[in-house]
1. With the checklist (1) in a loop (DSSP other than H, G, I, E, B); (2) crowded, with 24+ Cβ neighbours inside 10 Å; (3) at pLDDT 90 or above in hand, flag the one item A:Asn338 doesn't pass.
2. For segment B:180-204, name all the residues that are open to solvent by 20 Å² or more (accessible area, probe 1.4 Å) and within 23 Å of B:Met6 (Cβ to Cβ).
3. For A:Arg438, are the conditions met, namely being farther than 23 Å from A:Gln341 by Cα, modelled with pLDDT of 90 or more and under 25 Å from the mean Cα position of the chain (by Cα)?
4. For segment B:205-225, what are the residues that are within 13 Å of ligand 1 (Cβ to nearest atom) and open to solvent by 60 Å² or more (accessible area, probe 1.4 Å)?
5. From the list B:Glu160, B:Glu176, pick out the single residue that is within 16 Å of ligand 2 (Cβ to nearest atom), under 13 Å from B:Met100 (Cα atoms) and either buried (at least 18 other Cβ atoms within 10 Å of the Cβ) or touching a residue at least 40 places away in the same chain (Cβ under 8 Å) (or both).
6. Can you spot a residue in segment A:468-477 that is β-branched (Val, Ile, Thr), buried (at least 16 other Cβ atoms within 10 Å of the Cβ) and within 13 Å of chain B (Cβ to nearest Cβ)?
7. With B:Phe89, B:Phe103 as the choices, which residue is under 24 Å from B:Ser46 (Cβ atoms), within 16 Å of ligand 1 (Cβ to nearest atom), buried (at least 19 other Cβ atoms within 10 Å of the Cβ) and within 13 Å of chain A (Cβ to nearest Cβ)?
8. Any residue in segment B:51-77 that's more than 10 Å from chain A (Cβ to nearest Cβ): show its pairings with residues that are outside any loop (DSSP other than H, G, I, E, B) and among the acidic types (Asp, Glu) at Cβ separation under 7 Å, as long as the two are six or more apart or on different chains.
Amino acid sequence: MNGDQDPIINQVTQREYKYGFITVLDNDALPKGLNEDIICQLSAKKDEPEWMLEIRLKAFRYWLTMKLPEWAHLKIPVIDYQDIIYYSAPKSKKPTGRFEDVDPELLKTFDKLGIPLDEQKHLSGFAVDAVMDSISVKTTFKESLADVGIIFSSFSDAVREHPDLIRKYMGSVVPYRDNFYAALNSAVFSDGSFVFIPKGVRCPMELSTYFRINAANTGQFERTLIVAEEGAYVSYLEGCTAPKRDKNQLHAAIVEIVAHTDAEVKYSTVQNWYPGDKNGKGGIYNFVTKRGICLGDRSKISWTQVETGSAVTWKYPSCILRGDSSVGEFYSVAVTNNHQQADTGTKMIHIGKNTHSTIVSKGISAGKGQNSYRGLVRVSKNAENARNYSQCDSLLLGDQCGAHTFPYIEVDNQSAIVEHEATTSKIGEDQIFYCNQRGIDTETAIGLIVNGYAREVLNKLPMEFAVEAQKLLQISLEGSIG
Amino acid sequence: MLNIRMLSIRNLKAAINGMEILKGINLEVNEGEVHAIMGPNGSGKSTLAAVLAGRDIFTVTGGEIFFDGKPLLGMAPEIRARSGIFLGFQYPVEIPGVSMVNFMRTAINEQRKYRELPEMSASDFLKLMRDKKALMEIDSALASRSVNEGFSGGEKKRNEIFQMAMLEPRLAILDETDSGLDIDALKTVAIGVNRLRRPDNAMIVITHYQRLLDYIVPDFVHVLSAGRIVRSGDKTLAYELEEKGYDWIKEENQE
Ligand SMILES: Nc1ncnc2c1ncn2[C@@H]1O[C@H](COP(=O)(O)OP(=O)(O)O)[C@@H](O)[C@H]1O
Ligand SMILES: [Mg+2]
């Protein structure tokens, strides 16, 4: 490097994606393509009741009438929805939910990912639902949680075992008519988790779901529903990875959260889907609708996300603040390196009185990455004394990447106080040199600086995840500096 | 006294954006010595410090540097640092969100790894931090703050000296650590530096004013002007400079 060049150049090299391995499994899959027949077969494979199939078909028929959303700051190639497999499950012995019956290959896979499914070896304080492709492989601590009245199970099991709860809450926050991907998900959703925390119960452990896409040409359509009754509390985590493949794969999820009076739900995501190679080949298309409703007074929903993976991310975890004095939070770090694109943010809809929301978004772009924050703060007519504070920062590494902010503010009540701050900065060559001069190499220096920049968000994650997320941030930017 | 050579700078030339700033610097520094470099603004003092530390925005266009017998040019800045070169910055840089503890711990462990020493345990590290804070008379809140973020000018300079105390460099280059300090702050900085002087290390103290040298007594004083060392002497040279001003050097040079 010399004085003639920008010292921070994107001499982008392939970063190591260490979760890119493929597990060789015998799969039970439906043929490619999407039509009513496929949906009926899918529903039958899952042994679903009639009412669920009806919901799927209704959603599918509606989806057929919908157009792709085009407002996001994303360049997405046309996706051929007939070229995707909508159901693929590792063919093991009949899933019994017992540890002894889980295919050893699957156990090995999750072990390799750092997610032991053996309760004896579990990460202390964590219960895990492990989802591979279209089905849940194993849910740990299901029984001991049930002792305090908590339901933590795969979504598919819940459909069969708790139909009344599923029928009551599913689609109550994200109806299938919500958007294109929500309709698609409602038609073909595969698996995910169902969490129900009864009145007055504080969940004694962190609940988490680990999503793994393994099979080729398969879409994953996760569906998660979390309900916290009056005064209940739960902290829930979601992690995801996928093998390296040259062809793009689709992940279109729906997550719904319902918080009743005085309930609190913390939802954290560390999203590390395969981002594609350095030339932008392959990677996951991640189209996600996540929304929570603070139904009761003084309820609280908090979203924290660390988004480092995926070729394309389209995701806006949102809060509907219906109860009086309810609170919504959104803390986000999104990294785009190489050819990754992210259009992410949140919506805070203030309906109840004295509702508060906080938005902290930290975008990091490197390589040719494009990173957009898109956020809506809406204060409705009756939302007396609503407050919002938004802070959107962008950090640029190099000069071929982009950062964009699209804040939308709609205020229909004069008593509202809405504050928005935004900054854009570049990693300073002087900051890197300062670190170098203390003996710290450039790669480590960037890790330090980026983690410092994102600290406010990382601090919101449970301890074990925060450490993982820090490493991940560093790894995902490796090779981004010349 | 046995003179062990630590640093040799031979006919060093350096440029930025095609403009030559250093025009042939010669300097020898032995173990146990303190050298002061004085000179008017823009004479190239900071450039010399930056080139020694390996800042790549400057292009070395000629000459050589040896540090402990090894050629320094071409060595990455972090390797120079790990080999024992420390630069106290004239304008210390802010790194938001990175705590001093984390920053220093990373630096120390990187340096130890290079020297094939085991990583320092958290408790040993925190003890070291406490000891050095006491030695340097540093406010203990400093360590829990982010690197230089929101520090006053004086706090930033003291933080540089604190880092020097933590890293125990073989060669410390302090670039105008005195500038912008009131007399009390200046004294604390000087006391700190004096406590770190040892027979087996060396310091290059860059200053614009003579007053720092009342507290840090140098073995040699060099005057830099327009990219060259135009005068070298003992500490009395500093007094002479103070009395006659830099114009004296400039005029003498033109003759
Ligand atoms: N980053 C830079 N870009 C361009 N010119 C520079 C830069 N740094 C220093 N210079 C020039 O080099 C000369 C010497 O500067 P410097 O080494 O900072 O002097 P001193 O520290 O003695 O005041 C000055 O003319 C200054 O303008
Ligand atoms: Mg200077």
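1. (3)
2. Result: B:Asn194, B:Arg195, B:Leu196, B:Arg197, B:Arg198, B:Pro199, B:Asp200.
3. No: the conditions fail for A:Arg438.
4. Passing the criteria: only B:Tyr209.
5. Answer to the check: B:Glu160.
6. No: segment A:468-477 contains no residue that is β-branched (Val, Ile, Thr), buried (at least 16 other Cβ atoms within 10 Å of the Cβ) and within 13 Å of chain B (Cβ to nearest Cβ).
7. B:Phe89
8. Qualifying pairs under 7 Å: B:Thr61/B:Glu20; B:Pro71/B:Glu64; B:Leu73/B:Glu64.
The values are calculated or read from the model by the stated rules, or taken from the named source; none is laboratory data. Please read these numbers as outputs of a predicted model, since none were measured by experiment. In this analysis, Cβ positions are derived from the backbone assuming ideal geometry, glycine residues included, and neighbour counts consider all displayed protein chains. Protein only, heavy atoms only, side chains kept; ligands, DNA and RNA dropped before computing areas. Shrake-Rupley method; radii C 1.70, N 1.55, O 1.52, S 1.80 Å.
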